[in-house]
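Colleague: Let me begin by handing over the structure; questions about it come next.
The values are calculated or read from the model by the stated rules, or taken from the named source; none is laboratory data. Values in this document were obtained by computation on a predicted structure and should not be read as measured data. All Cβ positions, even for glycine, are placed from backbone atoms using ideal geometry, and neighbour counts span all protein chains on display. Just so you know, the surface numbers come from the protein's heavy atoms only, side chains and all, with ligands and any DNA or RNA stripped out. Shrake-Rupley method; radii C 1.70, N 1.55, O 1.52, S 1.80 Å.
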Amino acid sequence: MDVSGGRGQPRPGNDESAEHTGPEAQAPGGTGDGPTTPSAPTPADGTDARPEGHTPGPGAPPPERGTPQDTGAAPDDAPAPGQDRHRTPAHTEPVADRPARPSQAPAGRPEHPDHPFAHSGSGKGQPPQRPEERKRGGLLMGRPFGVPVYVAPSWFLVAILITWVFGGQIDRVLPELGAVSYLVSLFFAVAFYASVLVHELAHTLAALRFKLPVRRIQLQFFGGVSEIEKEAETPGREFVLAFVGPLLSLVLAGLFYLGLLAVDPGSVPGVLLAGLMVSNLIVAAFNLLPGLPLDGGRMLRAVVWAITGKPMTGTVVAAWVGRALAVCVLIGLPLLTQSGALGSDAVDNVGMDTVLDALLAAILAAIIWTGAGNSLRMARLREHLPELRARTLTRRAVPVGSDTPLSEGLRRANAAGARALVVVDADGVPVSLVREAAIVGVPEHRRPWVPVGTLAQDITEGMRVSAELAGEELLDALRATPATEYLVVEETGEIYGVLSAADVERAFVKAMARPS
C-alpha cells in the first residue's frame, strides 16, 4: 500500500449527505480511569469534500471547482490495545461556536457540532498509552530473548521479608550457623525469584512461539508478570500459553526434589533445596486455581471459549470465578492457618501471626479481584477495537500555503466545514500539519500576522497513516510515531484528512465504557 506517493493534493469531489452517529464513548481500558477531558479541539461541522475517486451521494450538489475541500468529521473516541498479563505469585501470587451543518455530514463519518476549528481545545492529545508505556518497570536486569526483565522496587521489600522469615526457620534447623542463616535466607529469596523468572520466561517463549509480542517481564512484590500485548488467536493456544508457566514450576519442583535426594536434608544445601521445592509447588498450585488473573483462570477461559466459541464469554466466566476465588482467599486463608490445616499449630487466640495472615489474605484477595476486573476491561476493549477506524475518526482538512496568514487559513477551514490545516508546497504536496495547540496559543488579534507555516510540524513518514487502518493496527501505527496530529491518506497518496490523537483517545475512552 502506497501511503506517501502521489501529489497528495485534495481534489474537488461531491458531498455525501447522510446522518451518521460516531462511536459511543467509554472508560479507559485497563487503567480504571474515568473519561478524560478532551485534549484536542472538538469543533466542526460536517461538510465533506472527498478526493477524486469518491462516489458522490445521491442528490449531493457538486462543489465549486477549485475549492480546496477534504474529508474528515472528527469523532470522539478511540481505543488502545490492552495486554494480557500472566502472574506468578511469590508464596501465593502477588497490572466559537459555529453550529454544525447536519445536512452536509459525510456518510460514514460522525458529526461534531461542538466548537469551530478556530476556537478548538488544547491539542495536547497523544496516542492512548498503557500505564506501563508512561513509566519504567523498575531496575532493568537484562533482555532474555529480546524481552526486558525489570525488578520493581517492591521486590526488595519482599526479599527483606523472606530473608527475615526464612532466616528464622533456618536458625531453628541449623542453629550452628548463627547470623549466617540470614545470608543463606537471602540466597533463597534470590533463588526463589529466579525460579519465578523461569515461570515467566515459559509464558514468554510460548507467546513468542505464537508470534505474540511481549512487552516486558516484571518481578514485583507478590511474584512476576509477563505482559503479552495481544490475545491468542485460538482457545488451544490460550490454554497452552497459560499452562506452560505452572508446568515449568512443577518441573523445577521435581528437579529440586531430585537434588534433595543427593544431599543431606539437614545441611544448608538440603534446607535450600527443600525450600525451593516447596515454594515452586505452591507457585504452581496457586496459579492453577481457576480464576482470572491467574494462569488457571486463563485455562478456564480457554475451555469456555472452546465450548461456546465466544472469547468474551470465557473471560466473563473466568473473571467472576476469580472474584469468587478472591472472597474465598480473604475468608478461608486466615481460617486455614488458624486451624493448623496448613501444617502449623492450631491457634486459639488472636495474635500477631493471625493478624499477619489476615493482612496477607486481604492483599492477595485485592490483587485477584482487581486482576479479574482488569481482564474484563481488556476483553471489552478488544471487543470494540474493530469499530475504531481511521476513516471514521479523521477530520476534514484544507490545504494552505506556508505563508498563508493564520486568520485566512481558519476562515477557509470554517467556510469548508473543516477542522484541520495541511501546509502544502507549490506542487500541492503536503509538507506539514498545523498544530492545534499552537493555534490556541495565538491571540485572535495576532492571527492575521502569523503565517501558518510557523505553527506547523513537519510530516515524517510515521505521521502518514492509511485511511484503511482500523482497530489495533491503527493504534500500533500511532504509538510507533507519537504525535498530536497525523496526515491520513488514501492508497493513492491523496489527502483524506487529519487524525487527531485526542480524538483517538476519546474514542478509546468511549469504547471502554460501552457495555459488551
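Colleague: When you check SER466 against the structure, is it in contact with a strand residue (DSSP E or B) (Cβ under 9 Å, 6 or more places away or on another chain), farther than 15 Å from PRO386 by Cα, buried (at least 24 other Cβ atoms within 10 Å of the Cβ) and of a type in the set (S, T, N, Q), yes or no? Can you show your working first?
Modeller: On the way: in contact with a strand residue (DSSP E or B) (Cβ under 9 Å, 6 or more places away or on another chain): yes; farther than 15 Å from PRO386 by Cα: yes; buried (at least 24 other Cβ atoms within 10 Å of the Cβ): no; of a type in the set (S, T, N, Q): yes.
Against the criterion (in contact with a strand residue (DSSP E or B) (Cβ under 9 Å, 6 or more places away or on another chain), farther than 15 Å from PRO386 by Cα, buried (at least 24 other Cβ atoms within 10 Å of the Cβ) and of a type in the set (S, T, N, Q)), SER466 does not qualify.
Colleague: So which residues in the range 387-430 are in a loop (DSSP other than H, G, I, E, B) and either farther than 22 Å from ASP503 by Cα or open to solvent by 10 Å² or more (accessible area, probe 1.4 Å) (or both)?
Modeller: Step one: filter the range 387-430 for residues in a loop (DSSP other than H, G, I, E, B), giving 388, 394, 396, 401-404, 417-419, 425-429.
Those that are in a loop (DSSP other than H, G, I, E, B) and either farther than 22 Å from ASP503 by Cα or open to solvent by 10 Å² or more (accessible area, probe 1.4 Å) (or both): GLY401, SER402, ASP403, THR404, ASP425, ALA426, ASP427, GLY428, VAL429.
Colleague: Just to be sure before I move on: is PRO482 over 22 Å from VAL424 (Cβ atoms), open to solvent by 40 Å² or more (accessible area, probe 1.4 Å) and not in a strand (DSSP E or B) in the structure I sent?
Modeller: yes
Colleague: Would you be able to say whether some residue in the range 450-466 is closer than 16 Å to LEU393 by Cβ and in a helix (DSSP H, G or I)?
Modeller: Yes, some residue in the range 450-466 is closer than 16 Å to LEU393 by Cβ and in a helix (DSSP H, G or I).
Residues checked against (1) modelled with pLDDT under 85; (2) not polar (S, T, N, Q):
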site	(1), (2)
HIS115	yes, yes
ALA118	yes, yes
SER122	yes, no
GLN129	yes, no
ARG134	yes, yes
LEU140	no, yes
VAL147	no, yes
PHE156	no, yes
LEU161	no, yes
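Colleague: Now a separate question. So LEU381 fits all but one of (1) open to solvent by 10 Å² or more (accessible area, probe 1.4 Å); (2) closer than 30 Å to VAL317 by Cβ; what number is the exception?
Modeller: For LEU381, the exception is condition (1).
Colleague: Filter the range 220-247 down to the residues that are open to solvent by 40 Å² or more (accessible area, probe 1.4 Å) and acidic (Asp, Glu), then identify the one that is nearest to ASP295 (Cα to Cα).
Modeller: Per the criteria, the residue is GLU231.
Conditions tested, residue by residue: (1) of a type outside the set (S, T, N, Q); (2) over 25 Å from the mean Cα position of the chain (by Cα); (3) farther than 16 Å from THR234 by Cβ.
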site: VAL283; (1), (2), (3): yes, yes, yes
site: VAL304; (1), (2), (3): yes, no, no
site: VAL321; (1), (2), (3): yes, no, yes
site: LEU325; (1), (2), (3): yes, yes, yes
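Colleague: If you take the residues in the range 497-508 that are open to solvent by 10 Å² or more (accessible area, probe 1.4 Å) and under 14 Å from the mean Cα position of the chain (by Cα), which one is farthest from LEU478 (Cα to Cα)?
Modeller: The extreme case among them is PHE508.
Colleague: So, one more: Give me the pairs, please: first residue somewhere in the range 406-427 and at positive phi and of a type outside the set (Val, Ile, Thr), second residue anywhere and crowded, with 24+ Cβ neighbours inside 10 Å and not in a helix (DSSP H, G or I), beta-carbon distance under 7 Å, and either six or more positions apart or on two chains.
Modeller: GLY417/ALA44; GLY417/ASP45; GLY417/GLY46; GLY417/ARG396
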